[in-house]
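Peer 1: Please see the structure below; I have some questions.
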Amino acid sequence: MKKQLTINEQEELLSILEKRFEKNANRHKGLDWSKIEAKLKANPSKLWSLDEMERTEGEPDVIGYDAKTDEYLFVDCSAESPKGRRSICYDHEALEKRKEHKPADSAINMAQEMGIEILNEEQYQELQKLGKFDAKTSSWILTPPEIRKLGGAIFSDFRYNTVFVYHNGAESYYAARGFRGLLRV
């Protein structure tokens, strides 16, 4: 599997990202697109990961800048959990435990393949401050090891003007549950 975009694919993706950046200025106040674009052009593998986020309908956008690491933070900002990443269980262990009606993949496997991180609870809460996400769907979030060790996994959604965090068996999957990713550039 190629993990690099052609020059034309890069230009097309950068155009999509720039338009989204301009349209949603409230998500990244004080950030300069030209600096972000320069970092993206210098990191072709990051562009490939962003393209995977876009291809699976995550609508990635910049939501912040980490001054300590000099990295811009791209997160899936689609209104609902990305369509191309739903109907999946939590991780590979859960996928292997399914005997019947196995989903095609898991959130952790897909995130690793895409070169992104799955959001943790704090990151999910921060994203919700920028809009209303997952009002009809839910998203797996990074599960603490002590919960995962017991067979569980956690997910979140936004209902009744509140962000909820729930638990489920890690091997469960639903048509309306996917995951949101984070990419550091």
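The values are calculated or read from the model by the stated rules, or taken from the named source; none is laboratory data. Every value quoted in this text rests on a predicted model; they were computed, and no experiment measured them. Virtual Cβ from ideal backbone geometry, glycine too; neighbours counted across all protein chains shown. Protein only, heavy atoms only, side chains kept; ligands, DNA and RNA dropped before computing areas. Shrake-Rupley method; radii C 1.70, N 1.55, O 1.52, S 1.80 Å.
Peer 1: Within the range 125-153, which residues are aliphatic (A, V, I, L, M), part of a strand (DSSP E or B) and either touching an Asp or Glu at 6+ places or on another chain (Cβ under 7 Å) or open to solvent by 70 Å² or more (accessible area, probe 1.4 Å) (or both)?
Peer 2: Result: Ile141, single match.
Peer 1: If you take the residues of the range 103-119 that are outside any helix (DSSP H, G or I) and surrounded by 15 or more Cβ atoms within 10 Å (Cβ to Cβ), which of them is modelled with the lowest pLDDT?
Peer 2: Pro103
Peer 1: Before we move on, is Glu9 open to solvent by 10 Å² or more (accessible area, probe 1.4 Å) and in contact with a Cys (Cβ under 7 Å, 6 or more places away or on another chain)?
Peer 2: Here the answer is no, as Glu9 does not meet what is asked.
Peer 1: For the range 5-49, give me the residue count where each residue is assigned to a helix (DSSP H, G or I) and touching a Gly at 6+ places or on another chain (Cβ under 9 Å).
Peer 2: Summing the residues that are assigned to a helix (DSSP H, G or I) and touching a Gly at 6+ places or on another chain (Cβ under 9 Å) in the range 5-49 gives 6.
Peer 1: Please tell me if Tyr90 is at pLDDT 95 or above, of a type outside the set (A, V, I, L, M, F, W, C) and more than 30 Å from Trp33 (Cα to Cα). Can you show your working first?
Peer 2: Details: at pLDDT 95 or above: yes; of a type outside the set (A, V, I, L, M, F, W, C): yes; more than 30 Å from Trp33 (Cα to Cα): yes.
The answer is yes for Tyr90.
Peer 1: I've got another one for you. Of all residues being open to solvent by 60 Å² or more (accessible area, probe 1.4 Å) and assigned to a strand (DSSP E or B) in the range 166-182, which is nearest to His28 (Cα to Cα)? Just the residue, please.
Peer 2: Tyr166
Peer 1: With respect to Ser78, is the statement that it is out of contact with any Pro (no Cβ under 7 Å at 6 or more places or on another chain) and small (Gly, Ala, Ser) true?
Peer 2: Yes: the conditions hold for Ser78.
Peer 1: Next question, about the same structure. Which one is surrounded by the most Cβ atoms within 10 Å (Cβ to Cβ) among residues in the range 54-78 that are in contact with a helix residue (DSSP H, G or I) (Cβ under 8 Å, 6 or more places away or on another chain) and outside any strand (DSSP E or B)?
Peer 2: Filtering the range 54-78 for residues that are in contact with a helix residue (DSSP H, G or I) (Cβ under 8 Å, 6 or more places away or on another chain) and outside any strand (DSSP E or B), the one surrounded by the most Cβ atoms within 10 Å (Cβ to Cβ) comes out as Gly58.
Peer 1: Kindly list the number of the only condition in (1) modelled with pLDDT of 95 or more; (2) in a loop (DSSP other than H, G, I, E, B); (3) basic (Lys, Arg) that fails for Lys2.
Peer 2: (1) is the only condition that Lys2 fails.
Peer 1: If you take the residues in the range 33-53 that are acidic (Asp, Glu) and within 14 Å of the chain's Cα centre (by Cα), which one is least open to solvent (accessible area, probe 1.4 Å)?
Peer 2: Glu52
Peer 1: Right, something else. Quick test of your reading of the structure: Leu17 fulfils all but one of (1) open to solvent by 50 Å² or more (accessible area, probe 1.4 Å); (2) within 20 Å of Leu130 (Cα to Cα). Name the failing condition by number.
Peer 2: Failing condition for Leu17: (1).
Peer 1: List every residue pair whose Cβ atoms lie under 8 Å apart, where the two residues are 6 or more positions apart in sequence or sit on different chains, the first residue falls within the range 1-27 and is under 16 Å from Gly58 (Cβ atoms), and the second residue, located anywhere, is in a loop (DSSP other than H, G, I, E, B).
Peer 2: Leu13/Leu5; Arg20/Glu59; Arg20/Cys77; Phe21/His28; Asn24/Cys77; Arg27/Cys77; Arg27/Leu130; Arg27/Gly131
Peer 1: Next question, about the same structure. Restricting to the range 154-165, name every residue that is in a strand (DSSP E or B) and loosely packed, with under 14 Cβ neighbours inside 10 Å.
Peer 2: Arg159, Thr162, Phe164, Val165
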